[in-house]
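Below is one structure; the comments refer to it alone.
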Number of protein chains: 2
Amino acid sequence: MPKVAILLAEGFEELEAVAPIDALRRAGVEVVIAGLTPDPVASARNVKIVPDTTIEELKPEELDMVILPGGAGGVEKLKQDQRVEALIKAMQEKKKLIGAICAAPTALAKFGVLQGKKATVYPSLVEEIKPATYVDQPVVEDENIVTSQGPGTALEFGLKLVERLVGKEKAREVARRMLARYE
Amino acid sequence: MPKVAILLAEGFEELEAVAPIDALRRAGVEVVIAGLTPDPVASARNVKIVPDTTIEELKPEELDMVILPGGAGGVEKLKQDQRVEALIKAMQEKKKLIGAICAAPTALAKFGVLQGKKATVYPSLVEEIKPATYVDQPVVEDENIVTSQGPGTALEFGLKLVERLVGKEKAREVARRMLARYE
């Protein structure tokens with residue numbers, strides 16, 4: 001089964017983390033919740049999640065995808081963290097999947113992996129994903145980069161990641177059980 | 001501002017807890033995440049959330065609403081817990097708001113607060129909310145009881161709870177910022 005890491009920094013948007021984790025784990029994907037430190041990570045609205053591991057323990061060669069949730073405070077911390085930048089660049093080098101939602105595509109822009117790409121982002125942050133071409137859709141795919149817009153699109157984002165990692169049939173099954181919209 | 005408790009038992013459905021917490025806290029509602037014990041509570045898909053407090057510390061007279069998330073394993077534990085039953089009955093006695101989603105309306109039925117009510121539930125559990133009248137809608141309100149169907153309806157459920165506690169205008173504003181569907 002594919003293996004995915006989702007990176008939590010203090011101030012992450014809770015729904016944008018939990019919806020993809022929920023959908024992916026239902027699909028049988030191994031999801032590792034990685035904190036920047038081993039402590040519980042407080043979300044933007046102070047939901048404290050105990051990470052499974054820390055970013056130091058992640059081995060990019062073992063990962064099929066890395067996901068960055070949004071939340072302005074959390075994304076600012078991801079942007080400033082050289083371990084996050086190195087991990088994203090390692091994924092990009094192998095053209096492995098990278099997912100980012102809400103404010104998080106701005107971190108991908110900062111790390112230099114959005115050149116020549118179509119992408120989406122929280123609508124007020126369109127300027128901050130340049131040089132990517134902004135597409136006003138809930139979820140946008142361009143090769144290995146999957147981006148999404150915000151909390152209200154987080155479950156659709158999660159289901160798209162299931163589709164990319166396991167296939168449409170599994171995504172459809174997970175969506176049906178979750179009573180979620182999908183295709 | 002209104003004060004709400006959401007009860008987490010091991011095996012709770014993570015999205016059904018986090019979506020209402022997110023929407024309500026964005027609306028300025030005080031949300032207390034209460035575990036059955038003080039330890040981090042593992043969700044159905046093993047997302048470990050550190051509770052703010054335990055059910056012992058909750059005072060029903062200080063609460064405007066109690067929310068029960070779904071997840072079959074978590075709901076089974078809620079049903080067996082006499083403190084949960086006493087709290088729900090105390091809320092019902094004062095006609096205070098009670099919210100339940102997915103499998104959780106079956107706990108309300110067991111506690112005897114669904115007599116003569118319209119309610120919804122995860123569709124495969126329709127028989128288990130009798131004597132309530134099942135309504136096949138994402139969110140159903142009947143006086144002080146608000147029920148919803150599953151993970152895919154959790155954000156709509158959360159926004160309805162914002163509407164009930166703070167008003168439609170605030171629910172509309174929160175939905176707009178979350179890029180969520182609302183009315």
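Values in this text are rule-based calculations from the coordinates and carry no lab data. A quick note: this is a predicted structure, and the numbers were derived from the prediction, not measured. Note that each Cβ is placed from the backbone with ideal geometry, even for glycine, and that neighbours are counted across all protein chains shown.
The table that follows gives values for the structure above.
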| item | result |
| --- | --- |
| Peptide A:146-153 - average C-beta neighbours from other chains (10 Å radius) | 4 |
| Among B:Lys117, B:Lys95, B:Lys130: highest mean-square fluctuation, GNM of chain B, C-alpha pairs under 10 Å | B:Lys95 |
| Distances in nm from B:Asp136 to the matching label points in the other copies, shortest first (labels 7 Å along Cα to Cβ) | 3.6 |
| Average other protein chain Cβ within 10 Å of Cβ, residues A:45-54 | 5 |
| Rotational relation A to B, axis-closest Cβ in chain A, residue and distance rounded to whole Å | A:Val18, 2 |
| Computed label-point distance, nm, for sites B:Lys59 and A:Glu93 using a 7 Å Cα→Cβ extension | 5.9 |
| Inter-centroid distance (Cα atoms) of the stretch B:26-73 relative to the stretch B:121-183, Å | 18 |
| Computed label-point distance, nm, for sites A:Glu128 and A:Lys3 using a 7 Å Cα→Cβ extension | 3.2 |
| Inter-copy label distances at B:Ser124 (7 Å, Cα→Cβ; nm, one decimal) | 4.1 |
| Cα convex hull volume per residue for the protein assembly as shown (Å³) | 119 |
| Assigned charges on the beta-carbon of Lys, Arg, Asp, Glu; the stretch B:116-162 dipole about Cα centre (debye) | 40 |
| The stretch A:1-82 - Rg (one decimal) and Dmax (whole number), Cα, Å | 11.8, 33 |
| Structure-based [θ]222 nm, chain B - -39500 (n - 2.57) summed over DSSP H runs of at least 4, per residue, nearest 500 | -10500 deg cm²/dmol |
| Share of Cα-Cα pairs in the stretch A:3-178 lying beyond 29 Å, as whole percent | 9 |
| For the stretch A:99-116, 3J(HN,Hα) per residue [Karplus equation, 6.51 cos²θ - 1.76 cosθ + 1.60, θ = phi - 60°, Hz, x = Gly/Pro] | x, 8, 9, 6, 7, 5, x, 5, 5, 4, 4, 4, 7, x, 9, 9, 4, x |
| Estimated vicinal HN-Hα couplings, Hz - the stretch A:51-61 in sequence order (Karplus 6.51, -1.76, 1.60; Gly, Pro = x) | x, 6, 7, 10, 4, 4, 7, 6, 10, x, 5 |
| Filter on B:Lys48/B:Lys160; A:Lys130/B:Lys160; A:Lys48/A:Lys94; B:Lys3/B:Lys48 - keep pairs with C-alpha separation over 30 Å | A:Lys130/B:Lys160; A:Lys48/A:Lys94 |
| The stretch B:3-178, dipole about Cα centre (Lys/Arg Cβ +1, Asp/Glu Cβ -1), debye to the nearest 20 | 380 |
| Surrounding net charge for B:Asp142, when Lys and Arg each add one and Asp and Glu each subtract one, Cβ distance under 11 Å | 0 |
